[in-house]
1. For Rg and Dmax of the Cα atoms in Å, which listed value, (i) 21.3, 72; (ii) 15.0, 49; (iii) 12.2, 38, comes from the coordinates shown?
2. Taking Cα pairs under 8 Å and at least six residues apart, what relative contact order does the chain come out at, in percent?
3. Write down the percent of antiparallel bridges among all DSSP beta bridges whose residues are both part of the chain, to the nearest 5.
4. Say each of residue 28 and residue 47 gets a label point 7 Å from the Cα, pointing the same way as Cα to Cβ; how far apart are those two points in nm?
5. Between residue 69 and residue 13, what length comes free when the chain is fully extended (0.36 nm per residue of separation minus the Cα-Cα distance, one decimal in nm)?
């Protein structure tokens, strides 16, 4: 199931809690204003990534959760066009 995360004014709402590996959940980042870069760095829980480019007014899907990934909270950096890093967003991966 796709779990939406709205991006606006440099912030993610809501933080993704409870993406289930068993249910094959994915994150869907949706820009409500400018383009964004979602960056998990070296601790990326998804098959795609670690960097996701969300177009202004558009969306991007994370793709599936990687097999064998640890069940924990993963933090990512969120940057909007012409802005500094926003908030401290995260994704929690569950069984």
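Values quoted throughout were computed directly from the atomic coordinates according to the rules given, and no laboratory measurement underlies them. What you are looking at is a predicted structure, and each value in this text was computed from that prediction instead of being measured. As a convention, Cβ positions derive from the backbone with ideal geometry for all residues, glycine included, and neighbour counts pool all protein chains shown.
1. Correct label, based on the coordinates given: (iii).
2. 33 percent
3. Expressed as a percentage, antiparallel bridges in the chain total about 70.
4. Label at residue 28, label at residue 47, 1.8 nm between them.
5. 17.8 nm
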